[in-house]
Each structure stands twice: as structure tokens, then as C-alpha cells.
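In what follows, a single structure is set out as C-alpha cells and then discussed.
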Amino acid sequence: MATPDTTLTVLGIETSCDETAAAVVDGRKRILSNRILSQIDDHAPYGGIVPEIAARAHVAHLDRLVESALEEAGLELGDVDAIAATAGPGLIGGVMVGVVTAKTLALAAGKPFIAVNHLEGHALSARLVADVDFPFLLLLISGGHCQLLAVEGVGRYTRLGTTIDDAVGEAFDKGAKLLGLGYPGGPAIERLAGAGNAERFKLPRPLTGTDTADFSFSGLKTALARAAETRRRPDGSFAEADRADLAAGLQAAIVDCLADRTKNAMRQFRDAHSDLDAPALVVAGGVAANRAIADRLARLTAEAGFALEVPPAWLCTDNAAMIAWAGLERFRLGLTDNFATPARARWPLDATSPPAYGGGRKGAKA
Ligand code: KG4
Ligand code: ZN
């Protein structure tokens, strides 16, 4: 294999959901800058992401963020080797802002443009901070995505499982909303669950015990709503102990579902790659920040002889460093894109997989 060129630098842009971000990384895996502006406060009053508000916020802030990312990296636009942007999947208004900005910069500076699939950004992020070789198994769990993929190489994915309705982050977020907690719900549920009794409310574990690696969370949400109604006080609030027990029950059910589905995917991955000694399970996406999930996956992988790789939380949630890095990995292989490349709301990593109906996509939250 040729030695990778370590002198490359790539500017990355991320605008597919509610974070506006710009970053510069280089071929030595150095993150020269990683600017990110969260819109959480803009969307909080609505209990979810409002696409129109997101797109407008990206327009308002992206130029300044790109400028400051370059400045922090100590580079001029003309110094970078390529400009990468998330070109999907995501909320289309936001994706368009990032793609048009990146194309304009690329044209002005005479640099190649790279259209990055946001999911590939998550998929390759672990390789930016750790030595993870292809192929590996990826569990992608966020507010918009919930998938298990065999990552064979850059641009080469086989989907082993996906959600047939909600993404796992949505299960946390909708559960939190139901319990009167703020957005995003995952961290709030995790905090409360720590003080709760997970056994008190018996919630279902959809699809567990079946031999696929697909996910389903909408029945869990309905069951939580039903259980919550039995404890809701006349003024709409909950006793703190009830709320903690409901949160603990929800989190325990989600952990069980993720573990059961991942176990099946590990078996499928092993069948396809029987030559590998200790393949990696990489976990990416905002939900990977959850300790209960990480602890269960640590046990599961230890039992199955997999190495667990969970990138740090700042790299698991949406950011532009992972987009710059995916762009750099593509650029090294000569994979650049022309200016006719569109922004896409939907863009599966594994084009041969049948479409998944329901959620499992960005924007399902709004
Ligand atoms: O990857 P991300 O930042 O954005 C999307 O692509 O959606 O993920 C955000 C999601 C939200 O649903 C949020 O509730 C969830 O990640 N999340 C968590 C935790 N921290 C963030 N879920 C469970 N436990 C957490 N500690
Ligand atoms: Zn994401």
C-alpha cells in the first residue's frame, strides 16, 4: 500500500442538522481547528428541530465560522488542498447552504470540492483518533440515524440493520418530551435514570429475539406514554421518583434493544469475515455518549472477542472535523466531486440496501 500523504489539509463544512460547523484537519490526523455553533437554544422552544430555522441559522453563521476555522488553523483558503462539505443526508435547506458555500469556496480558490455523506463522516471518525483498520462493524446511533453497517473501506458499506421507525435518539428525545424534560432528551434521561428503578415499569423490547439486526422504537415510545399516563398528576407533572423510574425503564429497554441487535450484527459480521482476529465495533453518533449503552457494549464486545471503539463525545456528536477527515480519506483515493453534485435529503451509505421506511433519517425529529 502506498504511504498516505501526510501533508494534506482539508477544510470541512457541516450543516445537515442543527449544528453549523467548520474544521480543518491534516493528513497526520491533527485537528487544526474545529469550530461548532449549536442552534439548540433556537429550537428548544419547539421541542425539536425546525428545518426553516436551522437553514436560516446556517446562512447567518457559516461564513464567519469558516473564516475562524481557517484563522485558528493558521491557514489561508488557498493553503488547503480540498474543501469538503456534508452533501446529505439531512435537512435539505441546511445541506444546500453547506454545499453551495463549499462549491463557491472551491471555485474561488481553484481547489477540489468533495461531497461527503454525513454518515460516512460518522463512520470514519474513529479513524481520526484511533488506529481502526478496515473492515469494521459500525453502530451508528444518533437523533437522526440508527444503523448497523459493515464498513469495508472508504465508500464501501454493507448495511446489516436499520430502524424501521424512529431513530434511537428520537426515542430518548420523545421520551424526554413526554416526561417534561428539555431537548435534547438523551442527556436528561440518562441523568434521571441514574436515580430510578428500571424494573418498576415493564416496557417492551421491540424486535429482540428475532434474528435480524433491525431496530424499532415506536412501540416502546407508546408503551412509555401509557405507563406515564398512570402516574401523571392532575396538573400534568410527575412526582420526581415516578419520573426517574420511567426514565430508567426507558433507558434499560433501549440498552437491551441495542445490545440484542448488535449481537446479531456481530454474528453476521463474523460470518462474512471469519479471518479477522479481533474486529472492531465502532460506535458513533450523539447517543454513543450514553454511559449505560457504552458499558453494556463493552461487556458484549468483550464476550464476543470484538474490540470496542467509542470516539470521544465531541467527535460522536455532529461536527465538521469528521467531515474534513472523511473528505481527506476520499481525497487520498482521488475521490473528488464536480460542481453538479447535488445536495440530498436522503442518501443511503449502502445503495444496494432496500429502502428503510419510517425514520432512521435526519429531520425525522421535526
Ligand atoms: O449525533 P447527534 O449530535 O445529532 C444527530 O445526528 O442527530 O445526536 C443527537 C442525539 C439526540 O437525540 C440526543 O438526545 C442524543 O443524541 N444524546 C444522547 C446522549 N447525549 C446525546 N442520548 C442518550 N444519552 C446521552 N447521554
Ligand atoms: Zn450526525
(request) Name every residue in region 263-301 that is within 19 Å of the chain's Cα centre (by Cα) and more than 27 Å from L192 (Cα to Cα), in order of residue number. (result) A265, A280, L281
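Every residue, every condition in (1) in contact with a helix residue (DSSP H, G or I) (Cβ under 6 Å, 6 or more places away or on another chain); (2) more than 15 Å from ligand 2 (Cβ to nearest atom), yes or no:
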{"site": "V132", "(1), (2)": "yes, yes"}
{"site": "A167", "(1), (2)": "no, no"}
{"site": "L181", "(1), (2)": "yes, yes"}
{"site": "G186", "(1), (2)": "yes, no"}
{"site": "I189", "(1), (2)": "yes, yes"}
{"site": "F201", "(1), (2)": "yes, yes"}
(message) Out of everything in region 37-57 that is free of Cβ contacts under 8 Å to residues at least 24 places away in the same chain and not in a helix (DSSP H, G or I), what residue ends up being farthest from A23 (Cα to Cα)?
(response) Q39
(message) Against the conditions (1) at pLDDT below 95; (2) farther than 30 Å from T212 by Cα, where does I114 fall short? Just the number, please.
(response) (1)
(message) Checking E14 against (1) within 16 Å of ligand 2 (Cβ to nearest atom); (2) farther than 24 Å from W347 by Cα: exactly one of these is not met. Which one?
(response) (2)
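Here's the yes/no breakdown for (1) in contact with a Ser or Thr (Cβ under 6 Å, 6 or more places away or on another chain); (2) within 16 Å of ligand 1 (Cβ to nearest atom):
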site	(1), (2)
F134	no, no
C146	yes, yes
R156	no, no
L160	no, no
K174	no, yes
(request) Considering each of L138, L124 in turn, give the residue that is outside any helix (DSSP H, G or I) and modelled with pLDDT of 95 or more. (result) L138
(request) Provide a single number: the residues in region 144-185 that are free of Cβ contacts under 8 Å to residues at least 40 places away in the same chain and of a type in the set (K, R). (result) 1
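Here is a yes/no grid of residues against (1) more than 16 Å from ligand 1 (Cβ to nearest atom); (2) touching a Lys or Arg at 6+ places or on another chain (Cβ under 7 Å):
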residue: G88; (1), (2): no, yes
residue: L91; (1), (2): no, yes
residue: V100; (1), (2): yes, no
residue: K111; (1), (2): yes, no
residue: A126; (1), (2): no, no
(message) For the structure I just gave you, tell me whether T9 is away from ligand 1 (no atom under 16 Å from the Cβ), in contact (Cβ under 8 Å) with a residue 60 or more places away in the chain and either in contact with a helix residue (DSSP H, G or I) (Cβ under 9 Å, 6 or more places away or on another chain) or among the aromatic types (F, W, Y) (or both).
(response) yes
(message) Looking for something more than 16 Å from ligand 2 (Cβ to nearest atom) and either crowded, with 22+ Cβ neighbours inside 10 Å or not in a strand (DSSP E or B) (or both) - is there at least one such residue anywhere in region 145-153?
(response) no
(request) Collect the residues in region 251-278 that are under 14 Å from G305 (Cα atoms) and buried (at least 22 other Cβ atoms within 10 Å of the Cβ), keeping them in residue-number order. (result) T262, A265, M266, F269
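The values are calculated or read from the model by the stated rules, or taken from the named source; none is laboratory data. These numbers were taken from a predicted model, which means no experiment stands behind them. For neighbour counting, all protein chains shown are included, and Cβ atoms are generated from backbone atoms with ideal geometry for every residue, glycine included.
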